[in-house]
Amino acid sequence: MDAGLFTANNVWMMVCTALVFFMHLGFSFLEIGLTRQKNTVNILFKNVFIICVGLLIYYIGGFNLMYPGFEDGDAGFLKFAGFGIAAPENGMTPEYADGGYTWWTDFLFQGMFAATAATIVSGAVAERVKLGGFMIFTIIYVGLVYPIVGSWQWGSGFLSSLAFGEAEGFYDFAGSTLVHSVGGWGALIAIYLLGARIGKFGEDGKPKAIPGHNLPLAAAGVLILWLGWFGFNGGSVLSADPALTSLVLVTTSLAAASGGVSAFLTSFFAYKNFDLTMFLNGILGGLVGITAGADQMSPNEAVIIGLIAGVVIVAGVALIDKLKLDDPVGAVAVHLICGIWGTLAVGIFGNMAGFDQFLVQLAGVGAAATFCSLSAFIILFTIKKISGLRVSEQEELEGLDIHEHGMDAYADFRMNQH
Amino acid sequence: MDAGLFTANNVWMMVCTALVFFMHLGFSFLEIGLTRQKNTVNILFKNVFIICVGLLIYYIGGFNLMYPGFEDGDAGFLKFAGFGIAAPENGMTPEYADGGYTWWTDFLFQGMFAATAATIVSGAVAERVKLGGFMIFTIIYVGLVYPIVGSWQWGSGFLSSLAFGEAEGFYDFAGSTLVHSVGGWGALIAIYLLGARIGKFGEDGKPKAIPGHNLPLAAAGVLILWLGWFGFNGGSVLSADPALTSLVLVTTSLAAASGGVSAFLTSFFAYKNFDLTMFLNGILGGLVGITAGADQMSPNEAVIIGLIAGVVIVAGVALIDKLKLDDPVGAVAVHLICGIWGTLAVGIFGNMAGFDQFLVQLAGVGAAATFCSLSAFIILFTIKKISGLRVSEQEELEGLDIHEHGMDAYADFRMNQH
Amino acid sequence: MDAGLFTANNVWMMVCTALVFFMHLGFSFLEIGLTRQKNTVNILFKNVFIICVGLLIYYIGGFNLMYPGFEDGDAGFLKFAGFGIAAPENGMTPEYADGGYTWWTDFLFQGMFAATAATIVSGAVAERVKLGGFMIFTIIYVGLVYPIVGSWQWGSGFLSSLAFGEAEGFYDFAGSTLVHSVGGWGALIAIYLLGARIGKFGEDGKPKAIPGHNLPLAAAGVLILWLGWFGFNGGSVLSADPALTSLVLVTTSLAAASGGVSAFLTSFFAYKNFDLTMFLNGILGGLVGITAGADQMSPNEAVIIGLIAGVVIVAGVALIDKLKLDDPVGAVAVHLICGIWGTLAVGIFGNMAGFDQFLVQLAGVGAAATFCSLSAFIILFTIKKISGLRVSEQEELEGLDIHEHGMDAYADFRMNQH
């Protein structure tokens, strides 16, 4: 490949890697913003832990687990390349075939993705999960569950070749299922096992809103995530192909915008309220929804996918409440339900639409559902039996910050007691 | 064009698109930071609305309105391409001539610009405007007023060919007039029609400072805007031309720095105070001031333009006060007055300097002034007559967050009553 | 050079420039977050001042001082190119040899680095330094001390050719010594001359923690700094060379991750606490530690350097306390001690490892130590004698925001008195 083109491709992939890294600040801000100040240090600690340990775990084994056979053809599941990745001799040169960027760029871009799955869970279990147990869960989920599911598709595994009728394989462009649903299933199982926060459901069983303590940070988180999605989806082209990358940015942004507007309008008509958090979650729903087919949709189709995602979000949040589950940041509605929606949408809209494809997409959703929810259940149930998943009632009421970290997030400010 | 070069150009334009998108977080933080906490959710809602609806409106019609004749030569004002843009057959390939990037990139870069005009107005009308009316204003201003003015120059309209003596046309590189003044005129008309916030002017008619509630976010907003201007001006080269893009980044950053220092020194000598908000607005004034001629100036000229912008800002803020107008974030001084300054500076400094050019620049300023202020007046006056522009006194005193959104921005914190 | 390749290189360098600029927001957030709210406006003011004045000073003289002989061969120390830089005739074309990017890009990338040295000092002296004196210090330190030290290595000065045995010169890839230690020595001297904040040491001489007032911003600051380091180290390749840039991003991120984990574990075992600020400083320590040799290390070596940096941070913070010095943000431990560690690590790990190289690295550390600490002492001691370095006791207790700026950072919030 031409050196100029190879270099431009690699520059784009590095920029996208940086943007995906930056999403971790977006997730942190969103999670902090939608929860109470007394658990803020704990949330920050979890998120920083996830980024650092996630990247290291992926380095030690996840990358090779997810992309078996990459190195010399005979690698496979559970082949760990000693301690860490080893670049092939020609991995650094323009001859490295796959998409035209270096082995190192490949690793880092994928590594930044990996931690995301655990971050999604982090939001759902906020304000009541024990730190130690969550750290163990993170290590296993990022180190094993995420790369195994990923390998089914991106590692040329069985999903990628799941032919059925006219469909030639499951398709998940940037991870509506492989990233977002993987996190979403973990989140769903976790909040089921954990139970709701004290005060979330009244004696009558009705859900009560527990307001987030910092909506500017929550909104900033969503805008940072949207920015990061330029890299998340834009980088998933795996080159700087001008037509494809720019189309992907257009579909991504239009789905985000229409998802937000749709959720705002839906919640306005349903609840007669200009609900900022619903608007924000609608944007995220649109982003998750377009992720599976961002390169397959026309702009108009992207708008439609976003509009539906916005409705799905509002309904999804209501459903979680109805099921007496407590998801402080709406992670299940955003990442799981819209992740499923986005995956199925590939069979409904765009270049690949068709009933056979729809069924294959459904099969992929089912495979991820089965494996992730079972894995999450086994991991979390084991932790629960051994050390407990949930902090004490006293700790929950007084806040995890003081109990687990011995510090306040905002030491100089006076707080309401609740 | 060479594939490597085309790809590099397109990568740069996509990076710039992402940076301009990120400016919306900068605007949000700045506007929040300089106003009171009781209106924070409302401001966030407006800003998120502007981004999402602005992009969709621009997609539905604004892009074609602004760049008529792009598609097949016979397009013109009010030709809407059905629902949304349609890329020409060869729009995705290296043959797409204009600047060497794809049609999709072009749309998205311009779309991220479009919402800015409404965002500027948003800051000026903060803390008292009715949400519904503002949303309608946004749709019309972004959907019609901004693209029409833009088409005069960037759509090869009459301003672009306004020859006069030695001048060969109005010049506005990245939008001192076409973006910032368009927003600024809307802001000026809006604050005139709205009136000042309760408490802004004492019984003696003297202005009182209403302190912003979160200066860290205000400062962060300005730094994010500076970062975003790398894309706003850097992308306005419409290619990654190494000499031109890098010169533009240098002039942009030097004008920002000198604008800040100049405003700080001016306000220090005028008011004997190290005024952080004046420093911040000086940076923005320098950025707006260099925007019209960022590619025409030497670094030294950029510094001079910034230094003058800093003085203009301090004087402009005082002038607005004197006129008994209430502009909580200084939007008129920053975007309108420095926008005019920057546009005129193209006739005074740099490669195009000359008296004829100065007159042409003045004509462009006048054309935008006439059209924008008239349009804004008609739109806002109509809204005022039909539904009222301003919230009730009670709502203003208690805050828009509770009344329009039913939520607090900082639920856990204890607030001062004022 | 091929136009596509040249353009891609230049795009990467401009992206990196933007990222290094963004680090200033990271530094600001970190410094604010770890100090008290009553000094927040002051800190923001200092940081904005540093960015603006630093860039202008570097423009007026620093750049030519740091890269003597760049222009026409006969330039040298203290040759100021009139007012500002002047690009060589061919500086804008692909023929500009050094790394394949334009003269303007070169200036701006280096200019964004320059202010960093003063920013590091800013954190250490927070909450008690007089604003006027600090501004004078900044001008001299950024305008003279930083470029002189930089010129020793990056300007082809004596350190770059310090041959000894098998070593062929001092090596500091992106500035563990030339940037971070330069700032760190200034910080050390400054806190020695300033003395500790009131209340930092009890009557028994034992250090007391003075908690930071906004840990979300502190954490955001660290994540923004990590993001910025993609540009700080990635851009120090001085081209977009695919193999080298992507390797540098991998080593940088792995060192950050392992530094964080190591500091967290070390402090956990030492103090039985999940200490968020130690985790954050560990990330920064890893980043500073890898900076000198980011292009020389394998990923495994990067992990080891980070792990050691994490331990060094925890020990370093304890050492500063033991010495009765007061460094509110841990700047000396992060930037000076880890900067030394990173510089020495080039002689221990990686492609250049060897005892001779280790000694040369040590010599470079010693040269910077001598020159920077002497310079900082002379500047600060002179300021102290003339106008005093430290604010009055009353001002320190009541906060610098009210006394020097006449405003509150968070006007609407109720604060604890302390």
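Derivation of every value follows stated rules applied to the coordinates shown; laboratory data play no part. Since the structure is predicted, the reported quantities are computational estimates derived from the model, not experimental observations. We place every Cβ from the backbone using ideal geometry, glycine too, and count neighbours over all the protein chains shown.
Its DSSP H runs of at least 4 residues, each contributing -39,500 (n - 2.57), put the calculated 222 nm mean residue ellipticity of the protein assembly as shown at -20000 deg cm²/dmol, to the nearest 500. List the residues of the range B:179-218 whose backbone N lies under 16 Å from a point placed 7 Å from the Cα of B:Lys324 along the Cα-to-Cβ direction. Once the point is set 7 Å along Cα→Cβ of B:Lys324, B:191-208 turn out to lie under 16 Å by backbone N, inside the range B:179-218. Placing the label point 7 Å from Cα along the Cα-to-Cβ direction, what are the distances from B:Phe371 to the equivalent spots in the other copies, shortest first, in nm to one decimal? Inter-copy label distances (nm, one decimal, shortest first): 5.7, 5.7.
Between the range C:1-64 and the range B:288-352, the C-alpha centres lie 23 angstrom from each other. Using the Cβ-Cβ distance between C:Met1 and C:Phe158 with R0 = 30 Å, the FRET efficiency computed as 1/(1 + (r/R0)^6) comes to roughly 0.45.
Projected label points at C:Ala363 and B:Leu397, each 7 Å from Cα along the beta carbon direction, are separated by 7.7 nanometres.
Between B:Lys208 and A:Ser387, the simple label model (points 7 Å from Cα in the Cβ direction) yields a spacing of 5.6 nm. Between the Cα long axis of helix A:338-348 and the first principal axis of chain A there is an angle of about 40°, rounded to the nearest 10. Using only side-chain charges placed at the Cβ, +1 for Lys and Arg and -1 for Asp and Glu, the dipole size of chain C relative to its Cα centre rounds to 1360 debye.
Counts of other chain beta carbons within 10 angstrom of each beta carbon in peptide B:13-21 average 6.
With the label put 7 angstrom out from Cα along the Cα-to-Cβ vector, C:Met1 ends up 1.9, 1.9 nm from the copy partners, going from closest to farthest. For the protein assembly as shown, the residue among B:Gly289, B:Gly184, B:Phe413 whose Cα projects farthest onto the positive side of the dipole built from Cβ charges is B:Phe413. In this structure, the residue pairs whose Cα-Cα separation is over 20 Å, taken from C:Lys208/C:Lys385; C:Lys208/C:Lys322; C:Lys130/C:Lys385; A:Lys200/A:Lys385; A:Lys272/B:Lys130, are C:Lys208/C:Lys385; A:Lys200/A:Lys385. Helix B:299-322 axis versus longest C-alpha principal axis of chain B: approximately 30°, rounded to the nearest ten. Measuring from each Cβ of chain A to the axis that turns chain A onto chain B, the shortest distance belongs to A:Gly4, 2 (residue, then whole Å). Please work out the FRET efficiency for the pair B:Ala315 and A:Leu131, using the Cβ-Cβ distance as r and a Förster radius of 41 Å; give the result to the nearest 0.05. The computed FRET efficiency comes out at 0.15. Separation of the range B:171-205 and the range A:357-390, taken as the distance between their Cα centroids, equals 55 angstrom. With neighbour counts taken as other beta-carbon atoms within 10 Å, the residues C:Val365, C:Val303, B:Val11 rank, fewest first, as C:Val365, C:Val303, B:Val11. Given +1 at the Cβ of Lys and Arg, -1 at the Cβ of Asp and Glu and no other charges, the dipole of the range A:305-418 around its Cα centre is 540 debye to the nearest 20.
Remark: label point of A:Leu359 defined 7 Å out from Cα along the Cα-Cβ vector; separations to the same position in other copies 7.7, 7.7 nm, ascending. Per residue of C:134-141, other chain Cβ atoms within 10 Å of the residue Cβ number 0 on average.
The residues B:Leu144, C:Leu25, when put in order of fewest to most other Cβ atoms within 10 Å, stand as B:Leu144, C:Leu25. Taking chain A as a Gaussian network of alpha-carbon nodes connected by springs under 10 Å, the highest mean-square fluctuation of the residues A:Ala219, A:Ala209, A:Ala367 belongs to A:Ala209.
Note on B:Phe170, A:Phe6, A:Phe355: ascending count of other Cβ atoms within 10 Å places them as A:Phe355, A:Phe6, B:Phe170, the fewest first.
Taking 0.36 nm per residue of separation and subtracting the current Cα-Cα distance, fully stretching the chain between B:Phe371 and B:Asn273 would add 31.4 nm. About its Cα centre, the protein assembly as shown has a charge dipole of approximately 4000 debye under the convention of +1 per Lys or Arg Cβ and -1 per Asp or Glu Cβ, with nothing else charged. The C-alpha atoms of chain B define a longest principal axis, and helix B:242-271 lies at about 20 degrees to it.
Amide H contacts under 5 Å for C:Phe164: C:Gly169, restricted to partners 5 or more places along the chain or on a different chain, H placed in the peptide plane at 1.01 Å from N.
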